[in-house]
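Colleague: Sending over a structure as structure tokens; questions will come in a sec.
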Amino acid sequence: MSEKPSRGKKGLRTILNTLIVLASVYAGFWALLATIFARRDERIAFLALYPTTIAVLLLLVNGQWKRKWCKAFVALWGVLVVGFGILLGVNYAREAVPTVSDRGLMLHEYDPFAADTKAVTLPGESTLRLSQEEAASLRIDGATALYPVYASFARNTFAPSEIYYTWQDGHEPTLECSGTTQAYRRLIDGETDVIFCAQPSQAQLQAAEDAGVQLHLTAIGREAFVFFVNVKNPVTGLTVEQLQRIYTGEITNWQEVGGKNKKILPYQRDEGSGSQTALQNLMAGLPLMAPAREEIVDGMGGIIEQVATYRNFDGALGFTFRFYANEMVGNNQIRLLALSGVAPTKDTIRDGSYPIASYFYAVTASPIGERAPEESNPLLQRFLSWCQSGQGQWIVEAAGYVGVN
């Protein structure tokens with residue numbers, strides 16, 4: 001009579017031990033993933049902690065807690081709990097570091113026809129006014145950094161209509177802001193008529209050539225390429241040579257350029273963006289170091305490497321264009337660096353003393369060997385001529401940039 005309960009208990013223990021083993025194997029699998037990836041997502045670490053906690057409870061219920069192997073397993077569980085706590089703390093501290101992005105321009109704030117828009121309005125009547133039909137046929141795109149300029153151009157030359165900048169009633173928008181990389185692609189593919197961007201990168205020029213297209217650049221204004229650091233960083237300026245040595249990997253510590261004994265974290269942008277092209281031009285052929293990257297788990301499909309988002313760590317070094325910098329400086333968390341002793345201002349851009357100021361352009365495309373579109377398209381010619389006129393250049397200046405003259 002007494003054997004049956006004993007066998008029942010033994011069978012229950014066997015089941016429980018089997019569950020413990022399975023839970024342990026499962027936990028080990030996720031613990032391995034957590035070791036590799038948990039710095040990006042604490043939820044993965046939780047998947048390791050959860051089954052091990054169940055296993056510990058099963059061991060206690062099963063009366064195995066006095067066994068050495070059980071104590072060792074409980075100790076492992078304790079290590080995971082402590083590690084999970086540390087991970088949460090580290091991730092919380094990392095997420096608390098402000099992210100400074102030059103992609104954060106709120107485009108709706110420059111809605112060309114909104115009553116409270118930040119887009120610039122001429123003090124008088126525009127000398128160019130396009131009809132609805134003309135405006136609807138002029139497709140415009142460009143860099144996010146320059147949207148305040150070409151949105152202002154549209155505000156002063158287009159007749160107000162949502163058809164021009166949103167999808168409505170089947171109308172494709174004629175005023176878009178795809179960003180530099182996408183805008184160049186759309187121009188080369190014939191999906192837009194003119195884009196407002198910094199000069200094309202070598203890769204973009206090659207893409208145009210491969211597509212049998214040549215690009216035509218019309219200077220519209222000038223802008224400064226700027227570098228910035230955390231306000232806690234005592235460094236207030238660098239030379240062009242020092243920047244080049246930082247981005248080749250030769251200079252790695254702020255102490256080497258008059259700062260604290262802290263590692264330099266030089267961030268970069270994605271290939272083809274206007275600011276990354278400006279950095280490549282600054283390097284003047286010198287080898288550019290591999291950028292700081294982030295590993296992102298894309299579901300169960302694998303890992304995608306992307307250029308790291310700029311985080312405003314004490315040792316970070318970032319770059320952008322002056323317009324964005326002025327927007328970001330408002331948060332009092334970054335400091336623009338002087339280059340070779342010259343601060344980036346409209347005056348130093350205008351007089352040429354700031355060393356890395358450059359033109360931005362209205363860019364058009366035509367088949368190789370053919371005339372620029374603005375030479376054969378009267379509407380495009382009128383529009384670009386107006387952008388270079390006194391009124392167009394007044395808008396460039398009023399929007400916060402520097403005119404070509």
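The values are calculated or read from the model by the stated rules, or taken from the named source; none is laboratory data. Not measured: the values here are computed from a predicted model. No Cβ is skipped: glycine too gets one built from the backbone with ideal geometry, and neighbour counts run over all protein chains shown. For accessibility, only protein heavy atoms count, side chains too; no ligands or nucleic acids. Shrake-Rupley method; radii C 1.70, N 1.55, O 1.52, S 1.80 Å.
Colleague: Those residues that are open to solvent by less than 10 Å² (accessible area, probe 1.4 Å), farther than 19 Å from Glu125 by Cβ and of a type in the set (A, V, I, L, M, F, W, C), I need them from the stretch 393-405; list them, please. Break it down stepwise before answering.
Modeller: Here is the first cut: in the stretch 393-405, the residues open to solvent by less than 10 Å² (accessible area, probe 1.4 Å) are 395-396, 401-403.
With farther than 19 Å from Glu125 by Cβ added as a condition, the list becomes 401-403.
Scanning the stretch 393-405 gives a single hit, Val402.
Colleague: Filter the stretch 79-124 down to the residues that are modelled with pLDDT under 70, open to solvent by less than 60 Å² (accessible area, probe 1.4 Å) and assigned to a loop (DSSP other than H, G, I, E, B) and list them by number.
Modeller: Once the filter is applied, which keeps residues that are modelled with pLDDT under 70, open to solvent by less than 60 Å² (accessible area, probe 1.4 Å) and assigned to a loop (DSSP other than H, G, I, E, B), the stretch 79-124 yields Val97, Pro98, Val100, Ser101, Asp102, Gly104, Leu105.
Colleague: Would you confirm whether any residue within the stretch 180-199 is assigned to a loop (DSSP other than H, G, I, E, B) and more than 21 Å from Gly274 (Cα to Cα)? Walk me through how you get there before you give the answer.
Modeller: From the stretch 180-199, those assigned to a loop (DSSP other than H, G, I, E, B) are 189-193, 199; that's our starting set.
This time we only want the ones that are more than 21 Å from Gly274 (Cα to Cα), so: none.
There is no residue in the stretch 180-199 that is assigned to a loop (DSSP other than H, G, I, E, B) and more than 21 Å from Gly274 (Cα to Cα).
Colleague: Now for a separate question. Only one of (1) in a helix (DSSP H, G or I); (2) open to solvent by 60 Å² or more (accessible area, probe 1.4 Å); (3) modelled with pLDDT of 90 or more; (4) closer than 30 Å to Asp193 by Cβ fails for Glu374. Which number is that?
Modeller: (2)
Colleague: Right, something else. For Leu215, indicate whether it is more than 30 Å from Ser389 (Cα to Cα) and either part of a loop (DSSP other than H, G, I, E, B) or aliphatic (A, V, I, L, M) (or both).
Modeller: So Leu215 fails the test.
Colleague: Could you figure out which of (1) farther than 28 Å from Ala357 by Cα; (2) under 26 Å from the mean Cα position of the chain (by Cα) isn't true of Arg129?
Modeller: Here Arg129 clears every test but (2).
Colleague: Just for the stretch 147-198: of the residues that are among the aromatic types (Phe, Trp, Tyr) and open to solvent by less than 50 Å² (accessible area, probe 1.4 Å), which one is nearest to Gln391 (Cα to Cα)? First the steps, then the outcome.
Modeller: Here is the first cut: in the stretch 147-198, the ones among the aromatic types (Phe, Trp, Tyr) are 147, 150, 153, 158, 164-165, 167, 184, 196.
If we keep only those that are open to solvent by less than 50 Å² (accessible area, probe 1.4 Å) too, we end up with 147, 150, 153, 158, 164-165, 184, 196.
Numbers: Tyr147: 17, Tyr150: 13, Phe153: 10, Phe158: 14, Tyr164: 21, Tyr165: 22, Tyr184: 27, Phe196: 17 Å.
So the residue we want is Phe153.
Colleague: Continuing with this model, one more query. From the list Gly390, Gly369, pick out the single residue that is within 20 Å of Thr121 (Cβ to Cβ), surrounded by fewer than 22 Cβ atoms within 10 Å (Cβ to Cβ) and not hydroxyl-bearing (Ser, Thr, Tyr).
Modeller: Values: Gly369 fails: within 20 Å of Thr121 (Cβ to Cβ).
Testing whether each residue is within 20 Å of Thr121 (Cβ to Cβ), surrounded by fewer than 22 Cβ atoms within 10 Å (Cβ to Cβ) and not hydroxyl-bearing (Ser, Thr, Tyr) leaves just Gly390.
Colleague: Give the residue that is surrounded by the fewest Cβ atoms within 10 Å (Cβ to Cβ), with candidates limited to residues of the stretch 132-146 that are in a helix (DSSP H, G or I) and aliphatic (A, V, I, L, M).
Modeller: First, the residues of the stretch 132-146 that are in a helix (DSSP H, G or I): 132-136, 144-146.
Checking the rest, the ones that are also aliphatic (A, V, I, L, M) come to 135-136, 145-146.
Working: Ala135: 22, Ala136: 18, Ala145: 28, Leu146: 28.
Restricting to residues being in a helix (DSSP H, G or I) and aliphatic (A, V, I, L, M), the top hit is Ala136.
Colleague: With respect to Thr166, is the statement that it is within 17 Å of Phe360 (Cβ to Cβ) and of a type outside the set (A, V, I, L, M) true?
Modeller: Details: within 17 Å of Phe360 (Cβ to Cβ): no; of a type outside the set (A, V, I, L, M): yes.
It is false that Thr166 is within 17 Å of Phe360 (Cβ to Cβ) and of a type outside the set (A, V, I, L, M).
Colleague: Could you tell me which residue of the stretch 200-212 is farthest from Met283 (Cα to Cα), considering only residues that are in a helix (DSSP H, G or I), open to solvent by 30 Å² or more (accessible area, probe 1.4 Å) and at pLDDT 95 or above?
Modeller: Taking the stretch 200-212 and keeping what is in a helix (DSSP H, G or I), we get 202-210.
Add one more test, that the residue is open to solvent by 30 Å² or more (accessible area, probe 1.4 Å), and what stays is 202-203, 205-207, 209-210.
Keeping just the survivors that are at pLDDT 95 or above gives 205-207, 209-210.
Details: Leu205: 18, Gln206: 20, Ala207: 22, Glu209: 24, Asp210: 26 Å.
Among them, the one singled out is Asp210.
Colleague: Anything in the stretch 219-276 that is of a type outside the set (D, E, K, R), more than 20 Å from Val307 (Cβ to Cβ) and in a strand (DSSP E or B)? List them, or say none. First the steps, then the outcome.
Modeller: Our first condition is that a residue be of a type outside the set (D, E, K, R); within the stretch 219-276, this holds for 219-221, 224-231, 233-240, 242-244, 246-249, 251-255, 257-259, 261, 264-268, 272-276.
Restricting the remaining residues to those that are more than 20 Å from Val307 (Cβ to Cβ) gives 219-221, 224, 231, 233-240, 242, 251, 253-255, 257-259, 261.
Result: Ala219, Ile220, Gly221, Ala224, Gly237, Leu238, Asn253.
Colleague: Taking the stretch 273-293 on its own, how many of its residues are farther than 17 Å from Leu317 by Cβ, surrounded by 20 or more Cβ atoms within 10 Å (Cβ to Cβ) and over 12 Å from the mean Cα position of the chain (by Cα)?
Modeller: Matching residues across the stretch 273-293 total 1.
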